[in-house]
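**Q** I have a structure I would like to understand better, so I am pasting it below and will then ask my questions one at a time.
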Amino acid sequence: MSNKEPLVSVMCQVFNHAPLLEDCLRGFINQKVNFPFEVLIHDDASTDNSQEIIRKYEQEYPHIFKSILQVENQYSQGKKIWASIQFPRAQGKYIALCEGDDYWTDPNKLQKQVDFMEAHPDYSMCFHNAMMTWTDGYKKDEVFAHIEDRQYSIVELYRRCYIPTASMFMRTSVVKDSLYTSNVYNPKVIYGDIFMCLVAASLGKVWGMHDNMSVYRKHPGGMIYRQSLDRQLKEVYMDAEFKKFFPDEELGKMIKQVSFWRSFEGYIYSKYYGYKDYIPGFKACLKKNFAWKHTTRIPLILWKWLTHLNKYKENR
């Protein structure tokens, strides 16, 4: 590796990832590239031995790894780690993401993405497929999504959420754009990665790669309906923000449709469980996004939801 400025800045977030972290860090050093890159690690005051592992790799590969090892947890203080701490450190023309519990499996991943982006200056981002694995073995490993080698529209990226975080590769200019930087602390933007993808798609084209080049780890966790409804109402409010940010006509239509069904589901579940404090919010969003074309599907979907709710109630 040369002492030249890095072409790619790899962002790695770590918090209590010790049992999984070495897979992630080895995925970085195993990359076969013809350009310099840096790995910017942020450990958010882990209470396990994550920081010891990071120090070991930084000592062995000082030309690659540059770490910030926090003493106090920044996320709990309301900090946006990527936007306020990590992205300002980037020296590269491109940014790649990989959280400490995921890892890259293809040693040519970075080279493939750099080659594509260098050959296609009209593209602001590219991504690839991944394997999804449950850390507790709850399900068998499966492919993250059906991703093809083609351009993806802003509507597809919003509707389907195709993109595994560890596959995201974008021009650094995306996270320096005023639309992104001015909304880092917008309380209605609850999914920063989705927002980042939409910003990228509004600034240029986005390319998907069929190649499976990383592993996305899912962790066990039960559903708590009050928390789920709270998140769902926030998603509806976020949809309204996206409509303001991105004037694409087709995206606006899709957002209105998704918001209607999110609001309808939230309203039914709130009524069923007696969470009266959520009902006014969902009801207002329902009225705002109502369209007569939805009415034909309401009986069937309502029956499916009520069937699911009754089964869940019986098995609790």
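The values are calculated or read from the model by the stated rules, or taken from the named source; none is laboratory data. This is a predicted model, so every value here is computed, not measured. For neighbour counting, all protein chains shown are included, and Cβ atoms are generated from backbone atoms with ideal geometry for every residue, glycine included. Accessible surface areas use protein heavy atoms only, side chains included; no ligands, DNA or RNA. Shrake-Rupley method; radii C 1.70, N 1.55, O 1.52, S 1.80 Å.
**Q** Give me the angle, in degrees from 0 to 90, between the Cα long axis of helix 249-273 and the longest principal axis of the Cα atoms of the chain, rounded to the nearest 10.
**A** So the inclination is approximately 60 degrees.
**Q** With each run of n ≥ 4 DSSP H residues scored as -39500 (n - 2.57), what mean residue ellipticity at 222 nm is computed for the chain after dividing by its residue count and rounding to the nearest 500 deg cm²/dmol? Write out the running numbers ahead of the final one.
**A** Values: 11 runs with 137 residues, N = 316.
For the chain, the value works out to -13500 deg cm²/dmol.
**Q** Under a 1.4 Å probe, what is the accessible area of the chain per residue, stated in Å²? Each step should come with its number before you reach the end.
**A** Numbers: 16000 Å² over 316 residues.
Accessible area per residue, the chain: 51 Å².
**Q** Still on this structure, I have one more. Show me the trypsin sites (Lys or Arg not before Pro) within the range 224-294 that DSSP assigns to loop and that have at most 15 other Cβ atoms within 10 Å of their Cβ.
**A** Details: sites: R226, R231, K234, K243, K244, K253, K256, R262, K271, K276, K283, K287, K288, K293; in loops: K276.
Sparse-neighbourhood loop trypsin sites (Lys or Arg not before Pro): K276.
**Q** Against the longest principal axis of the chain, how steep is helix 192-203, in degrees 0 to 90 to the nearest 10, with axes from Cα atoms?
**A** 80 degrees
**Q** Also, quick follow-up: Taking Rg and Dmax of the Cα atoms in Å straight from the coordinates, which label in (i) 21.0, 64; (ii) 19.2, 64; (iii) 18.5, 56 is the correct one?
**A** (i)
**Q** Same structure, new question: Pick out, from I154, T172, Y272, the residue whose Cα sits farthest towards the positive end of the charge dipole of the chain, with +1 on the Cβ of Lys and Arg and -1 on the Cβ of Asp and Glu.
**A** The Cα lying farthest towards the positive end belongs to Y272.
**Q** Between rounded, prolate and oblate, where does the range 112-237 land on the alpha carbon gyration tensor, with a ≥ b ≥ c its root eigenvalues, rounded for a/c under 1.5, else prolate if a/b exceeds b/c? Intermediate results must be reported in sequence, preceding the final value.
**A** On the way: a/c = 2.28, a/b = 1.17, b/c = 1.94.
In terms of gyration-tensor shape, oblate.
**Q** Could you tell me what percent of the DSSP beta bridges with both partners in the chain are antiparallel, to the nearest 5?
**A** Numbers: 12 of 38 bridges.
Beta bridges within the chain, antiparallel portion: roughly 30 percent.
**Q** With springs connecting C-alpha atoms under 10 Å apart, model the chain as a Gaussian network and identify which of Y180, Y61, Y237 has the largest mean-square fluctuation.
**A** Y61
**Q** A further question on this structure: Grab the beta carbon distance between I268 and C161, set R0 = 35 Å, and tell me the FRET efficiency rounded to 0.05. Write out the running numbers ahead of the final one.
**A** Values: r = 23 Å, r/R0 = 0.65.
Computed FRET efficiency for I268 and C161 comes out at 0.95.
**Q** Another question, if that's okay. Rounded if a/c is under 1.5, else prolate if a/b beats b/c, else oblate: with a ≥ b ≥ c from the C-alpha gyration tensor eigenvalues square-rooted, which is the range 73-183?
**A** Details: a/c = 1.57, a/b = 1.11, b/c = 1.41.
It is oblate, given that a/c is not under 1.5 and a/b is not larger than b/c.
**Q** At a 1.4 Å probe, what is the % contribution of carbon and sulfur to the accessible area of the range 11-133? Intermediate values should be presented prior to the final figure.
**A** Numbers: 2500 of 5100 Å².
About 49 percent, which is the carbon plus sulfur part of the accessible surface.
**Q** Where the centroid of each part is defined by its Cα atoms, how far is the range 94-154 from the range 1-49 in Å?
**A** 16 Å
**Q** Further question on the same structure: Nearest 20 debye, what's the magnitude of the dipole of the range 85-190 about its Cα centre given +1 on Lys and Arg Cβ and -1 on Asp and Glu Cβ?
**A** Details: 12 positive and 14 negative charges, 73 e Å.
In total the dipole reaches around 360 debye.
**Q** Suppose the chain between D149 and L179 were pulled fully straight at 0.36 nm per residue; how much longer would it get relative to their current alpha carbon spacing? Walk me through the numbers before you get to the answer.
**A** Working: separation 30, 0.36 × 30 = 10.80 nm, distance 2.80 nm.
Here the segment from D149 to L179 would lengthen by 8.0 nm.
**Q** Still on this structure, please answer the following. So which trypsin sites (Lys or Arg not before Pro) in the range 118-209 pass both tests, a DSSP loop state and at most 10 other Cβ atoms within 10 Å of the Cβ? Walk me through the numbers on the way to the answer.
**A** Values: sites: K139, K140, R150, R159, R160, R171, K176, K188, K205; in loops: K139, K140, K188.
Passing sites in the range 118-209 are K139, K140.
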